[in-house]
Amino acid sequence: MSFNLPLSEPRRKFLRKVLSIAVGASLAGLLVQMLRRERESKSPAPVSIPPDVSAGLTIIEGAIVYREGEGPIRAYAARCTHLGCRIDRIAGDEIVCPCHGSRFRADGSVVTGPATKPLIALRIEPDPKTGGWIARASA
Amino acid sequence: MVITRWGTLGDLATAAFVVAVVSGVAVAVPYESANAYGSLAAILLGNPAAVFFRNLHYWSAQACLVLTLAHVWDRLRAPAEQRIPRGIWLRLAITLPVLLFLMLSGFLLRGDADARQALRIVTEAIAQVPLVGPLAATFAFGAAERLDLVYVQHAATATIVVWLFVVEHARRLWPKPAAIGVVTLVAGALSLFLSPGLHDGSDPVVKGPWYFLGLQEILHWTPWPLVAVLGGVAVVALLYGLRAMRPDRAMKAKGALLVLLAAYGALCAVGAFLRGANWELAPGLPTGAGNPIAGFVFAAKPELPVPLPVAMGRPEGCLVCHRGVTGLGDAHRPEAVGCASCHGGDTLALDKARAHARMVAIPGNLSTAMASCGQGACHAAIVPRVERSLMATMSGIVGIDRMVFGEATPGEALKPVHVKDLGQTPADSHLRQLCALCHLGAAKDKFGPNDEGRRGGGCNACHLAYDAKALEALDRYEREKKQGTAQAPTAHPALSLDIGNGQCFSCHSRSGRIATSYEGWHELHEPPAGTKDLAGLSPERYRIVEEDRVFERVKPDIHHERGLDCIDCHTSIEIMGDGRTHARKRDQLRVGCTDCHAPAGKRLASMPASSLDPESKRILAQRKWSGPAAERHGMTAGGDALVNVVVDSTGKPAMVRKRAGDRRELKPTARVCVEGRGHERLSCGSCHTAWAPRCNSCHTAYDPAGKGFDFLTNADVKGEWVEKLGPFVADLPTLGVRGLPAVDGKARESVDTFVPGMIMTLDIPSMGGKPAQSVFRRLYAHLEPHTTRREARTCKSCHNDPVALGYGRGELRYERGTGGGRWRFVPAGPILADGLPADAWTGFLGTRTGMLSTREDVRPFSVDEQRRILLVGACLTCHEERSAVMRDSVRDFASLLARRSPKCVLPAGSPGAATGAGSRP
Ligand code: FES
């Protein structure tokens, strides 16, 4: 069985165009939504800092931990603020990104670029289970 | 148009693409995207045929990129763009970035250290494009560094797109067989011998694929990464726009594109040949782990164990050949940390030459320690501390030498300096030839334990310990090496906290000689009279060390007698430094006698075990002493933990010997040490030092014609420093005054032990330096001789002794006269030009000014102090040391003096006496 609307040819063409644009746009919209959700659902895992973390700068998984003597602990995401390289080494008193050579101080600020933004500080909470701390991205 | 025997450049490019696709399908079998690095490592180690296909995939892909660029250029020259329909031209322009994506995603699929960083960079760079960026990045690479998605986009999406567009453009499904044949042959030949490596993360150099090194360089220079991304988009847009341009404009635009391409190529070369770790300049050939490695793919392989050995979470080929290596100790077992984490080399090659290229045979030297011992997962916090510590910098020695040579003011000599920065002035060349071997930065370049002839070696200087097995294995290895049959030994020296005195001995048997003195050996200036052969000397009485130095047995330190090692007192933070640069040794020292021996009547300071700092806790866990864990540990005056000083619930302290694990009771000081105020300022060593090595004079000259050796560069140099030493004696030290750090703003001083530090003539004219006359220096040095004894030196040995008082050897006599007593001093040796005996620090009842010591905060006794000491000395000329009178004198000398008998004859002019004054001879 077929069902034909009594439409003229140009009208039919126009309608077909509108329909395909509408379908295409909805699909694109859905794709964007899917990608967005995917992006949002992936936030970095918290890092557990052991109670005996040594003084000075240390890298623990995805965090750069700075401890001044026995004093308080600070942590930054071990992710370069330039283009996201994982920082996996400490050079003396400075934190150096291996990819394009950005350097940061122990307080997270930039010594030399290309990075322009300081390292991103992580939130530190005591971890009663280990006696150490947990560093996580601040919301 | 370029037409080769096998077709056009376009044909060849398409052929390379097809070869890449087909070989890619083959490698897909052993490759696992979820375990990219591991599966590729397994291929490299044990599947030569798969290596071949992987190489073919790689080389045909590189060929495809290069040929495509060449083809594009070839056709643009024609100009052919006008002949291509607009839709196809658009798709061709899009093909270029898609092809680049195909190449890049192939690189990312390595999953090695370079690839993981590259994945982060591209994702972030694309995400920075406003609006569409984040979503495009997620679409292409996923949101969480997922290689499975990259794999799909690489093997399916991008491949299909490129193939479709190329087929549409070339109007044929398959390239010419001849083109496929030649590409297969050339890429195949390369594949037999050149395998792209994998970066295991130990090499600090991080680089992208060669065609992106220019981009990496651009990203290094600009703070706006978007510039690079949009630049790429602009190039593609320009390419597409060519078709719509007027021919003359199009020609200009093509010229510009060519210039851009050339400039970009140059930047790639900069990235490849000039950049090193942290993108710093380091010119050299690209030899990093990720670069292609030469070696025949089907070279004979040893039998592979299944599963492959894994260390530090990655397959480690070293362990295939070096099986059963023992001796390293728990923390550094090869099964846990592998070989390469210390020694470097290629963990994914099984043929020796390749595996051992870039290997560090002796790791631990400070020049490379950050990449081995100090790498992220290991001792990253300690190595920088050691680099700044005094045993590495020699700061005090350098500063003082320069001061003595007149090249630095005392103020300048107090600034931290580093031995590695020595220049070529007379003082610095003197240091290079006579001192620069004894520091941790001196490279260890031979196997075997350190000794007096082999010093330095960074971490190894202390932590590498050869036991009998390791020594025997090394011996065999060196013998067999000469015959060309050597197998690497399986008995490895230990890397541990088991640091014996021998380690310290290699450097500290010199200069102040604390290591030899501690064990009761005194160096003789020359062998005992009549010695024909050193080997004939009795080993009970004499000890011969490197360079035929002869030591004679004298009294050892009581702590040595009780079995204590250097590390039983000296803590890790003191030895390896606290992370700060210090100018002088005294600034780095942190332990003292009373940290273990509580002052009589007081409790030893201690802290609960729970408050130990992290390093001490780790050390404690490593030591594995038997018995219950201590509840409290001792601490230094500065608050450092003493892990091996343990305090029980009754407050009784004991020392655990760090290496042996057994205990020694720790006694408080004697009561007399804290009684009265007479000896309040005395350091423990002032009384308890049994002897100190003294060398009373020397002469230092420079022989411009001689042949010297520069220990800093390890090279022969023209001109030699010659030291002529005076005789050495083992004698009680001289006493003097040392400034202590102020407490509550109050300056403090202590009486301490001194020896002649530099009583010497510097023959400056012989160095061609200024001034044109020899310089005479009379400097005493503060020394803790490490010859502590339970029994103290006698009262007379201080109060009535010219050496103790700094006058030098001679006769110190007390003469009683009518107006009171007089002390007289007759020196034993000749008087030098400065009016003092050769071995004196100060004049008899006199003062000295100017350069007195190797330190600015010490001095000989002032005239007033000398008088007060000699006043007691006068009493001692009649009263026995142990008499009640002398005992009382320690408690309260003033009241004793007030109660003195009329028979007492005090030195004239002394406090409490009526008249007169001491006189000089
Ligand atoms: S990603 Fe760190 S400097 Fe570029």
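The values are calculated or read from the model by the stated rules, or taken from the named source; none is laboratory data. Here the structure is a predicted model, which means the values were calculated and not measured. So basically every Cβ, Gly included, is an ideal-geometry build from the backbone, and we count neighbours across all protein chains shown. Ligands, DNA and RNA are stripped out before the accessible areas are found, and what is left, the full protein with its side chains, is counted by its heavy atoms. Shrake-Rupley method; radii C 1.70, N 1.55, O 1.52, S 1.80 Å.
Tell me yes or no: at least one residue of the range B:73-81 is open to solvent by less than 50 Å² (accessible area, probe 1.4 Å), among the charged types (D, E, K, R) and either within 14 Å of chain A (Cβ to nearest Cβ) or within 16 Å of the ligand (Cβ to nearest atom) (or both). No, every residue in the range B:73-81 fails to be open to solvent by less than 50 Å² (accessible area, probe 1.4 Å), among the charged types (D, E, K, R) and either within 14 Å of chain A (Cβ to nearest Cβ) or within 16 Å of the ligand (Cβ to nearest atom) (or both).
A single entry from B:G106, B:G111 fulfils the requirement of being in contact with a Ser or Thr (Cβ under 9 Å, 6 or more places away or on another chain), buried (at least 19 other Cβ atoms within 10 Å of the Cβ) and at pLDDT 90 or above: B:G111. Taking the listed residues B:A93, B:A125, B:A143, the one that is within 16 Å of the ligand (Cβ to nearest atom) and closer than 26 Å to B:L230 by Cβ is B:A125, with no other qualifying. Within the range B:9-36, the set of residues being surrounded by fewer than 22 Cβ atoms within 10 Å (Cβ to Cβ), polar (S, T, N, Q) and in contact with a Lys or Arg (Cβ under 9 Å, 6 or more places away or on another chain) comprises just one member, B:S33.
Among the residues of the range B:73-103, the one identified as among the aromatic types (F, W, Y) and modelled with pLDDT of 90 or more is B:F101. Restricting B:V386, B:V325, B:V320, B:V337 to those that are at pLDDT 85 or above and either under 18 Å from the mean Cα position of the chain (by Cα) or polar (S, T, N, Q) (or both) reduces the list to B:V386. Would you point out the residue of the range B:603-655, among those that are more than 33 Å from the chain's Cα centre (by Cα) and on the phi > 0 side of the Ramachandran plot, that is farthest from the other protein chains (Cβ to nearest Cβ)? Of everything passing the filter in the range B:603-655, B:G651 is farthest from the other protein chains (Cβ to nearest Cβ). For the range B:593-652, the tally of residues that are charged (D, E, K, R) and farther than 30 Å from B:E680 by Cβ stands at 8. Within the range B:709-729, none of the residues are over 29 Å from B:G456 (Cα atoms) and of a type in the set (G, A, S).
Taking the criterion of being open to solvent by less than 70 Å² (accessible area, probe 1.4 Å) and either over 14 Å from A:C97 (Cβ atoms) or within 11 Å of the ligand (Cβ to nearest atom) (or both), the residues of the range A:110-129 that qualify are A:V110, A:T112, A:G113, A:P114, A:A115, A:L119, A:A121, A:L122, A:I124, A:E125, A:D127. Residues that are more than 10 Å from the ligand (Cβ to nearest atom) and either at pLDDT 90 or above or more than 7 Å from chain B (Cβ to nearest Cβ) (or both) within the range A:72-90 comprise A:P72, A:I73, A:R74, A:A75, A:Y76, A:A77, A:A78, listed in sequence order.
Taken as a whole, the structure leaves B:V236 outside the set of residues that are assigned by TED's automatic domain parsing to the domain that holds B:D351, away from the ligand (no atom under 16 Å from the Cβ) and not in a loop (DSSP other than H, G, I, E, B).
Being within 16 Å of the ligand (Cβ to nearest atom), open to solvent by 40 Å² or more (accessible area, probe 1.4 Å) and in contact with a Gly (Cβ under 8 Å, 6 or more places away or on another chain): is that true of B:L267 here? So B:L267 passes the test. The single condition among (1) facing chain B (nearest Cβ under 10 Å); (2) at pLDDT 85 or above; (3) part of a strand (DSSP E or B) that A:L57 does not satisfy is (2). Annotation for the range B:105-115: no member residue is of a type in the set (A, V, I, L, M), away from the ligand (no atom under 16 Å from the Cβ) and within 14 Å of another protein chain (Cβ to nearest Cβ). Set side by side, the residues B:E680, B:E723 differ, and just one is among the acidic types (D, E) and part of a loop (DSSP other than H, G, I, E, B), which is B:E680. Going by what's in this entry, would B:F165 be described as more than 14 Å from every other protein chain (Cβ to nearest Cβ), farther than 18 Å from B:Y58 by Cβ and among the aromatic types (F, W, Y)? Judged against the criteria, B:F165 is a match. Against the criterion of being at pLDDT below 90 and surrounded by 14 or more Cβ atoms within 10 Å (Cβ to Cβ), B:S506 qualifies.
Looking across the range A:105-134, just one residue is away from every other protein chain (no Cβ under 12 Å), within 24 Å of B:R116 (Cβ to Cβ) and touching a Pro at 6+ places or on another chain (Cβ under 8 Å), and that is A:G108. For residues in the range A:16-40 being among the hydrophobic types (A, V, I, L, M, F, W, C) and open to solvent by less than 90 Å² (accessible area, probe 1.4 Å), which is farthest from the other protein chains (Cβ to nearest Cβ)? So, considering only residues that are among the hydrophobic types (A, V, I, L, M, F, W, C) and open to solvent by less than 90 Å² (accessible area, probe 1.4 Å), the one farthest from the other protein chains (Cβ to nearest Cβ) is A:V18.
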